[in-house]
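The values are calculated or read from the model by the stated rules, or taken from the named source; none is laboratory data. All values derive from a computational prediction rather than experimental measurement. Note that each Cβ is placed from the backbone with ideal geometry, even for glycine, and that neighbours are counted across all protein chains shown.
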Amino acid sequence: MNKFYVLIPIILIAGIGIGYGAFVTTDNSIDTTTKKVITLAIQPTAQASDIESQANELEQYLEQETGYDIQIYVPTSYAGVVEALRFGKADVAFMSAWPAYLAVEKAGATLEIAEVREVVIGDTLTAETFYYSYWVVPKDSPYNTLEDLRGKRAAFSSPLSTSGYVTPMKTMVETGLITVEKGKEVDPKSYFSDVVFAGGYSQAWEALKSNKVDVSIIAGDVSEKLYREVRENTKAIHEQGPIPSHGVVFSKEMDPAAKMEIKQAMLKMGNDDSTKQIMRKLVSAIFVGFEETTAEKHLENLQSALEMTGLKYTEKV
């Protein structure tokens, strides 16, 4: 006798973000096969529609590895990712270092995986979960130290950049060149005569080349071509780091068994070129793999930088 199936509506368990479904047959037998829904949030670094259109390969890979129903979620802002983790609308999230730190602090999330990236440290191309950034001036510049730059013009990539602003500002505070009032944010204009947020490292380099500024920052996690072009045509007067790479954070409410399976699937992604390309197209063009870590280990230097500088993450939505 043929069986007819009736789908019982999926129930979402609040705070967990994992759904369960079951099929009941007309002969009163129950197919106990269930499929958990895991929601993966991606911090928006491009248009949400562009990220979502490229997410199919990642969904398929994780579904094949875990047997779960993977759903990609792209909030409109970093704050949306943090809130999704906080209130159970997301189980897992890909985030850059500063937003990952906020997810740990404000949503009780756990950072358990760090991205291994293709970076340049000094002159060496390598694969690490960290990198460094450098204050650079033109080769013929008369300035050779940070102390020489008082009253000069500086370009930074972005006020939200860990390597291009937060860590350099930590350097200025550590060296005593800038002081920060308690409860206030560091003010680079208290030291430099003009401060430009160029919108990226390439733009900051253009500002330095065209003599619009006297000093800029370059970081080892940009394209190797850009990094080497800048370093070959400038002199570095100060290095800072290590600076943490992107991370994978998990909701505090996520089922431990599901978390372990997702983690294992992600840790395998650096094993062959096909899975590397999934991440390179979707999240990071210099992705090499993932490595287990903790927030305490991976974000230690960032935490100290934020404490010293008082900087707050503010984005335009």
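A few comments on the model shown:
- Members of region 204-218 found to be part of a loop (DSSP other than H, G, I, E, B) and among the aliphatic types (A, V, I, L, M), listed by number: Val213
- Exclusive hit being of a type in the set (Ser, Thr, Tyr), at pLDDT 95 or above, within 24 Å of Gly289 (Cα to Cα) and within 22 Å of the chain's Cα centre (by Cα), set Thr162, Thr171, Thr167, Thr124: Thr162
- Restricting Ala109, Ala154, Ala114 to those that are closer than 26 Å to Ser210 by Cβ, modelled with pLDDT of 95 or more, in contact with a strand residue (DSSP E or B) (Cβ under 6 Å, 6 or more places away or on another chain) and surrounded by 22 or more Cβ atoms within 10 Å (Cβ to Cβ) reduces the list to Ala154.
- Candidates Val81, Val119, Val92 - the one that is closer than 21 Å to Trp205 by Cβ and surrounded by 24 or more Cβ atoms within 10 Å (Cβ to Cβ): Val119
- Of the criteria (1) surrounded by fewer than 21 Cβ atoms within 10 Å (Cβ to Cβ); (2) over 20 Å from Ala97 (Cα atoms); (3) in the same structural domain as Ile72 (by TED's automatic domain parsing), which one Leu267 fails: (2)
For every residue, the table says whether it meets (1) farther than 24 Å from Ile286 by Cα; (2) in the same structural domain as Gly289 (by TED's automatic domain parsing).
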residue: Ala55; (1), (2): no, yes
residue: Glu65; (1), (2): no, yes
residue: Ala79; (1), (2): yes, yes
residue: Glu83; (1), (2): yes, yes
residue: Ala107; (1), (2): yes, yes
residue: Leu125; (1), (2): no, no
residue: Lys139; (1), (2): yes, no
residue: Thr145; (1), (2): yes, no
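- Selected residue (only one of Ser163, Ser202 is out of contact with any His (no Cβ under 8 Å at 6 or more places or on another chain) and surrounded by fewer than 22 Cβ atoms within 10 Å (Cβ to Cβ)): Ser202
- Thr293 falls short on exactly one of the conditions (1) in contact with a Lys or Arg (Cβ under 7 Å, 6 or more places away or on another chain); (2) under 17 Å from Ile262 (Cα atoms); (3) of a type in the set (Ser, Thr, Tyr), and that condition is (1).
- Hey, Phe23 surrounded by 14 or more Cβ atoms within 10 Å (Cβ to Cβ), more than 22 Å from Val249 (Cβ to Cβ) and either out of contact with any Lys or Arg (no Cβ under 6 Å at 6 or more places or on another chain) or at pLDDT 50 or above (or both) or not: yes
- Val195 meets the conditions (1) in contact with a helix residue (DSSP H, G or I) (Cβ under 7 Å, 6 or more places away or on another chain); (2) over 24 Å from Val288 (Cα atoms); (3) buried (at least 18 other Cβ atoms within 10 Å of the Cβ) in every case but one. The failed one is (3).
- Region 242-259, residues that are in a loop (DSSP other than H, G, I, E, B) and out of contact with any Gly (no Cβ under 7 Å at 6 or more places or on another chain): Ser245, His246, Met254, Asp255
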